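Below is one structure, written out as C-alpha cells; the observations come after it.
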Amino acid sequence: MKRLGILLLCFLVSMLAGGCWNQTELNRLGIVSAVAYDLDEANQWTVTYQVIIPRTSQGASGGGGSEAPVTVFSSKGRTIGEASQKKDFETPRRLFFAHTRVIILGRRAATYGVDQILDTYLRSNETRENAYILVTEGQGQDVLEVLTTMDPVPGILISSLLSGQGGRQSNLAPSRLHEFISSVTNPSQSATLSEIKVSGVQENQKSLDALKKTRSSAVLKLSRIGVFKQNRFTGWLSLKESFGIAWMTNRMKNTIVTFPCKGDGADGQLSSFFVESSRTKLKPSLSNGQLTMSVEIEAKGSLYETPCSLDLKKPETIKELNGYIQQKIKADVEQSYRAVAGMQADVLGFGDAFHRKYPQEWKQLGKSWEQEFAKIKLDVGVRVAIRRTGMINDSFSKISASVND
C-alpha cells in the first residue's frame, strides 16, 4: 500500500512538472521577415527590423487590408548588441528571427566591414544561415520601409526575387548567408552580393494607400553586383559586367544573349539567343612565371527572336549565327575579367583552381594573390549550338518582304 502511494505521488508530481513551462504564446512574438544594418557618420550602428503583422498580412495584398502588413522600426547603439538591446524599449513582443529571410547591408556599413554583423549571426542560435544577404547603395532601412503590391511582406518579396533566379536568369549573384561567410573567409577569393535598390519615389510607397494603386510609385529592384574583398565592400560591377562572371563561374542558364545580325553590328539590327544550358571548364596553367587561365564554354539554346532577313533553313546561316553569339559571349567574359582584375578581386575562384593544380607554387603565389590575379592571361574559347529556331524557318521580316513583293 505504501509503495502504491509513493508511485501515485510520483505520478502527480510528474504531471504537475510537465508541459510547456517555457513556452511563448504566438501573440507575444514579433516575427521578423527582414533585418537591415546601417552605420552613421559617428560609427553608430542602426539595426532596422521588418516585423510581420499576422492579422493583416493575408488580406493586405491589393489594398484589401485596413492596416499595413508589416511594421518597421530601428534601434541605435555603439555596437550591434547595444542597438539590439534597445529594441526592447520600443516593442512589447519578443522578436523571433527563425523566419528572417533577408539581411540588407547599407553601403556605409558594408564599406566599414561586415565582421561584427557576421560575428553576431554566427553566435546566435535563432538566425537562419540560409537567409539571403544583399547590399544597397544608400540606407538599408529605406529598403525595408517600401510597401510592395506583388507580395504584402517586402522581405518575402525580396527573397522570392532571389530564389526565383534559380529558374530564370542566372547572371545575378544571389548569396545565402553561409555562402557569403565562406567566401569572405577564403583568403584567395572575394565575395559578391546582389544590390537591392528602391526605384522610383520612395516616400509615396510607404503609405498603405500605395497598395490600392495599379502602378507603384516605387519598386524594389535587383540591380548591380557588389564586390567584397575580405570583409569590406570595394566596388560595383554593372549588370552588363555580371554576365561574364556567371559564364566563368559555370552558373549561366536561362538567360538571353543579344547579338548583332552581322558580326560587326554594322546594320544595327539585334537578335536574341536564349541560353537553355551551358558548361564552363577552367584550365589553369603556369609557364615561365606567366599565369594563364583557359576558359572553355559550351552553350546550347534556341533562337528567341531575329529581325534580320535570314534563311534559317540553311546550315551555313545557323553556323554564321553561332559565330556571332560566340563573339558576344567571349567579349562579355573578357570585359568582366578586366573589371574584377582592375579591383584585384578574385570573385571567379581562379585562386582555388591554381591552388589545386599547383600546390607547391601556390605557397608563393598565395602571398600576393591579388596582384597575381590581375596579371592572369585569359584564353577564352566558346562553342555555341542553336538547337531550335522556333515554329517558323524564316524571320518574319523575310516572310513579310516576300509577301509584299
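The values are calculated or read from the model by the stated rules, or taken from the named source; none is laboratory data. Note that this is a predicted model, so its numbers are computed, not measured. Cβ coordinates were reconstructed from backbone atoms using ideal geometry, including for glycine residues, and neighbour counts include every protein chain displayed.
In the stretch 110-142, which residues are of a type in the set (A, V, I, L, M, F, W, C) and either in contact with a helix residue (DSSP H, G or I) (Cβ under 8 Å, 6 or more places away or on another chain) or in a loop (DSSP other than H, G, I, E, B) (or both)? Step through it out loud before you land on a result.
As a first pass, look at the stretch 110-142 and keep what is of a type in the set (A, V, I, L, M, F, W, C): 110, 114, 117-118, 122, 131, 133-135.
114, 117, 118, 122, 131, 133, 134, 135, listed by residue number.
You will find that of 98, 83, the residue that is at pLDDT 90 or above and under 30 Å from residue 228 (Cβ atoms) is 83 and no other.
Quick check: is even one residue across the stretch 263-273 under 22 Å from residue 381 (Cβ atoms), in contact (Cβ under 8 Å) with a residue 24 or more places away in the chain and not in a strand (DSSP E or B)? Yes: the stretch 263-273 contains one or more residues that are under 22 Å from residue 381 (Cβ atoms), in contact (Cβ under 8 Å) with a residue 24 or more places away in the chain and not in a strand (DSSP E or B).
Looking at 116, 169, just one residue is modelled with pLDDT of 85 or more and either outside the structural domain of residue 216 (by TED's automatic domain parsing) or surrounded by 15 or more Cβ atoms within 10 Å (Cβ to Cβ) (or both), and that residue is 116. Please verify whether the stretch 253-268 includes one or more residues that are over 24 Å from the mean Cα position of the chain (by Cα) and among the basic types (Lys, Arg). Yes - at least one qualifying residue is present in the stretch 253-268. All of (1) more than 30 Å from residue 136 (Cα to Cα); (2) assigned to a strand (DSSP E or B); (3) among the polar types (S, T, N, Q) hold for residue 258 with one exception: (1). Screening residue 286 on (1) surrounded by 16 or more Cβ atoms within 10 Å (Cβ to Cβ); (2) closer than 27 Å to residue 358 by Cβ shows it passes everything except condition (1). Residue check: is residue 71 farther than 16 Å from residue 194 by Cα and modelled with pLDDT under 90? Criteria met by residue 71. Could you look through the stretch 17-47, keep only residues that are of a type in the set (S, T, N, Q) and in a loop (DSSP other than H, G, I, E, B), and pick out the one that is modelled with the lowest pLDDT? Among those that are of a type in the set (S, T, N, Q) and in a loop (DSSP other than H, G, I, E, B), it is 22.
Quick check on this structure: which one of 336, 368 is buried (at least 18 other Cβ atoms within 10 Å of the Cβ) and either outside the structural domain of residue 226 (by TED's automatic domain parsing) or touching a helix residue (DSSP H, G or I) at 6+ places or on another chain (Cβ under 6 Å) (or both)?
On the way: 368 fails: buried (at least 18 other Cβ atoms within 10 Å of the Cβ).
None of the others qualify; the one that does is 336.
Among the residues of the stretch 211-237 satisfying the criterion of being over 16 Å from the mean Cα position of the chain (by Cα), surrounded by 15 or more Cβ atoms within 10 Å (Cβ to Cβ) and in contact (Cβ under 8 Å) with a residue 60 or more places away in the chain, which is nearest to residue 114 (Cα to Cα)? So the residue we want is 231.
So which residues in the stretch 87-109 are crowded, with 17+ Cβ neighbours inside 10 Å, among the hydrophobic types (A, V, I, L, M, F, W, C) and assigned to a loop (DSSP other than H, G, I, E, B), if there are any at all? 97 - this is the single residue of the stretch 87-109 that is crowded, with 17+ Cβ neighbours inside 10 Å, among the hydrophobic types (A, V, I, L, M, F, W, C) and assigned to a loop (DSSP other than H, G, I, E, B). The residues of the stretch 325-364 that are over 16 Å from residue 249 (Cα atoms) and not in a helix (DSSP H, G or I), listed by number, are 344, 358.
One residue stands out in the stretch 270-300 among those that are over 24 Å from the mean Cα position of the chain (by Cα) and among the small types (Gly, Ala, Ser): the one that is farthest from residue 361 (Cα to Cα), namely 271. The C-beta contact set for the stretch 361-380 (first residue under 14 Å from residue 285 (Cβ atoms), second residue of a type in the set (A, V, I, L, M) and surrounded by fewer than 16 Cβ atoms within 10 Å (Cβ to Cβ), distance under 8 angstrom, 6+ apart or interchain) comprises 361/286. I need the full set of residues from the stretch 93-114 which are hydrophobic (A, V, I, L, M, F, W, C) and touching a residue at least 60 places away in the same chain (Cβ under 8 Å), in order please. Within the stretch 93-114, 95, 96, 97, 102, 103, 104, 105, 109, 110, 114 meet the criteria.
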